[in-house]
Amino acid sequence: MFRIRTVLATAAVAVVAGLAIAAPASAHDELVSSSPAADEQLTTAPEQITLTFSNNLLSLEENSGTAMTVEDESGQDWVAEAPVVQGDTVTVPLKADMPNGAYLVTWKVVSSDGHPTSGEYSFSLAAAEVAPTETATTAPVETAAPETETPEPVVTPISAPADETPWPLLIGLGVVVLAAVVTFIVILVRKRR
Ligand SMILES: [Cu+2]
């Protein structure tokens, strides 16, 4: 019984000690989630960046240490306006017409304990170019379909009778014409004699 009590007591002391050590480290507000998320692959350009932290941040009015940049591969910053702190979130609007590629988000906020905290993460944009691709894919399909469908029924009815009927007809006609010419010549020759 005494042994169990001492084991439980040491365990309780260890838990309290562990919490005491962990407490100062968690006092800094940490980035909990973001939109777009880290390493996210977007197909449409984001209109804003939203960062959510583990605790309420100190706003711009209280401390001017809040800053954010969203840089493309060439180093151009796409942040349109100053970041807005609201409770535990920081939001920043982005400029329109962001090109495809990788983006680096760097942020700096002031924790609820007054300490500045910063970090960075990246996301990528791979938007499909809509207008030219849609017309290019639909146009050839529509023209290709009638081209292959119509010649087949048209060719067969024409070529089948054309090969069979005209030849005997033409030969027969030729024979009749030849016979007529021959008899005409024979009649002419007889009349002259
Ligand atoms: Cu701190």
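Using a 10 Å cut-off on Cβ atoms, rank the peptides 83-93, 36-46, 177-187 from the highest mean neighbour count down.
Taking the mean over residues of other Cβ atoms within 10 Å, the ranking is 83-93, 36-46, 177-187.
Express the relative contact order of the stretch 28-125 as a whole percentage, based on alpha carbon pairs under 8 Å and six or more residues apart in sequence. Walk me through the numbers on the way to the answer.
On the way: 235 pairs, mean separation 34.1, N = 98.
The normalised contact order for the stretch 28-125 reaches 35 percent.
Assuming R0 = 22 Å, what is the FRET efficiency of residue 124 and residue 44, from their Cβ-Cβ distance, to the nearest 0.05?
0.95
First select every other residue whose beta carbon is under 13 angstrom from the beta carbon of residue 183; then total the charges, Lys and Arg +1, Asp and Glu -1.
Result for the local shell: +2.
Residue 186 to residue 81: extension gain in nm, 0.36 nm per residue of separation minus the Cα-Cα distance? Intermediate results must be reported in sequence, preceding the final value.
On the way: separation 105, 0.36 × 105 = 37.80 nm, distance 10.93 nm.
Extending this stretch completely gives an extra 26.9 nm.
Along Cα→Cβ, 7 Å out, is where each label goes; now give me the distance between the ones at residue 108 and residue 96 in nm to one decimal.
3.1
Any read-out appearing in this document is the output of simple, stated calculations on the displayed coordinates, not a laboratory observation. Nothing here was measured: the structure is a model prediction, and the numbers come from that model. Note that we place each Cβ from the backbone using ideal geometry, even for glycine, and neighbour counts take in every protein chain shown.
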